[in-house]
1. If a residue has to be within 15 Å of the chain's Cα centre (by Cα) and more than 22 Å from M355 (Cβ to Cβ) to count, how many in the stretch 181-208 make the cut?
2. Check G253 against each of (1) surrounded by 15 or more Cβ atoms within 10 Å (Cβ to Cβ); (2) of a type in the set (G, A, S); (3) touching a strand residue (DSSP E or B) at 6+ places or on another chain (Cβ under 7 Å) and name the one condition it does not meet.
3. In the stretch 303-310, is there at least one residue being small (G, A, S), over 22 Å from F358 (Cα atoms), out of contact with any helix residue (DSSP H, G or I) (no Cβ under 7 Å at 6 or more places or on another chain) and assigned to a helix (DSSP H, G or I)?
4. Taking the stretch 332-342 on its own, how many of its residues are surrounded by fewer than 23 Cβ atoms within 10 Å (Cβ to Cβ) and either hydrophobic (A, V, I, L, M, F, W, C) or within 27 Å of R30 (Cα to Cα) (or both)?
5. Return only the number of the condition from (1) in contact with a Gly (Cβ under 7 Å, 6 or more places away or on another chain); (2) in a loop (DSSP other than H, G, I, E, B) that H128 does not satisfy.
6. Can you tell me which condition W55 does not meet? The list is (1) on the phi < 0 side of the Ramachandran plot; (2) crowded, with 16+ Cβ neighbours inside 10 Å, and all the others hold.
7. Select from the stretch 12-29 the residues that are more than 15 Å from D41 (Cβ to Cβ) and among the small types (G, A, S) and list them in ascending order.
8. Being at pLDDT 95 or above, of a type in the set (S, T, N, Q) and either surrounded by 23 or more Cβ atoms within 10 Å (Cβ to Cβ) or not in a helix (DSSP H, G or I) (or both) narrows it down to one of T294, T288, T315, T329, so name that one.
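The values are calculated or read from the model by the stated rules, or taken from the named source; none is laboratory data. Computed from a prediction, not measured in an experiment: that's the story for all the values here. When we count neighbours, we look across all protein chains shown, and the Cβ atoms used for this are built from the backbone with ideal geometry, even at glycine.
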Amino acid sequence: MTTNEVKERLKKDKVDYILAQYVDLHGTPRCKGVPARALDDFVAGSAGFAGAAVWGMGQGPHSHDMIAVPDLATYTLVPWEEGVARFACDIQVDGKEWPYCSRTALRRALAELRRAGYVMMVGVEAEHFLVQRKADGSIAPFDPDNIDTMAKPCYDFKSLAANMGYLRSLVRYMEQLGWDPYASDHEDANAQFEINWRYADALTTADRHTFFKMMTSQVARRFGAIATHMPKPFPHLTGSGSHFHVSLWDPEGKRNLFLDEKDGRGLGMSQLAYHFLGGLIAHARALTCVVAPTVNDYKRLSVGEFLTGAASGFTWTPACISYGDNNRTQMFRTPEPGRFECRVVSGAVNPYLGMAAFIRAGLDGIRRKLDPGEPNLGNLYD
């Protein structure tokens, strides 16, 4: 999309305010507001930031400004606020790409992947809680009518119905944005929810995942709740993941290169998929540090007796470094032929860094032809 095409869209959509948005090292959205009439200045580099005021951007108080450079293809109407649009931005300093920019890290990894002849498609399971602040300052699951009280509330109709307005708002907004949402549900913990939308190329999914977190925070406010993607806000309840569903495709995005219906291991995966997975398993410990980056994550990623310590009976987190069939006790699950799911990825993930790490580890597996071994088909909670 050119600057002139963006101007036409702004005029058509009656947008008068733009969010220049990027993420810090934690994946937290950071923004400046730009009047739509100042689009030319914005594109030319007017949105400057003091990098030392933001976590993990590799700058001090003496550093030159970080400039948010909009990716014009990411023009997104903000559906909960009339007259506002958002652009996902990359960071530059002194006219050069800034290596501490998470989005730039993913773009570089994707360029290397494309040179190898592949594109990566990713879907995300975005689990999160709605919480409320009590009079003493503590937080509790959002349940003003005392309905969501079951020990095993997953898929419960009454608990879903009590929050249907919130979920319908999110789904309606996603449909307006063309994300193709296809399911939403009450998850395994009280006041925990998940919404699924169609997979896309990795950069698009990372941009959408970031925007989804922005959207949940604002929609929840309208219903008197606080949305949190914190991995383990309550020690007795199941935590929140952001499981990545991953596959490699041909450069045109028309053929799934992970799919092989004649797979001798019975999972419907190609040799390329197994080499990629071999890289992920070889680097699993380092990868976990990227996709589960907080102390709180390791209250979610419990082991031993804690795997069955949640109120519902299970934590649903992986028990060890492993892969297998449609089996939720694995780190890497194969829910259907042609893709795998990484279940260690948490609600706290920076999606740009997480996907970049997947690409780097997976490419290493492809280049070294790493074999992940035979799949585990048993219950690793036993």
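1. Of the residues in that region, 1 qualify.
2. Of (1) surrounded by 15 or more Cβ atoms within 10 Å (Cβ to Cβ); (2) of a type in the set (G, A, S); (3) touching a strand residue (DSSP E or B) at 6+ places or on another chain (Cβ under 7 Å), only one is false for G253: (1).
3. Here is the first cut: in the stretch 303-310, the residues small (G, A, S) are 304, 309-310.
Next, from what is left, pick out any that are over 22 Å from F358 (Cα atoms): 304, 309-310.
Filter once more, keeping what is out of contact with any helix residue (DSSP H, G or I) (no Cβ under 7 Å at 6 or more places or on another chain): 304, 309-310.
Within this subset, residues satisfying the condition of being assigned to a helix (DSSP H, G or I) are 304.
Yes; the residues of the stretch 303-310 include at least one that is small (G, A, S), over 22 Å from F358 (Cα atoms), out of contact with any helix residue (DSSP H, G or I) (no Cβ under 7 Å at 6 or more places or on another chain) and assigned to a helix (DSSP H, G or I).
4. Residues in the stretch 332-342 being surrounded by fewer than 23 Cβ atoms within 10 Å (Cβ to Cβ) and either hydrophobic (A, V, I, L, M, F, W, C) or within 27 Å of R30 (Cα to Cα) (or both): 0 in total.
5. Of everything listed in (1) in contact with a Gly (Cβ under 7 Å, 6 or more places away or on another chain); (2) in a loop (DSSP other than H, G, I, E, B), H128 misses just condition (2).
6. For W55, the failing item is (2).
7. Matches in the stretch 12-29: G27 only.
8. Unique residue meeting the criteria: T294.
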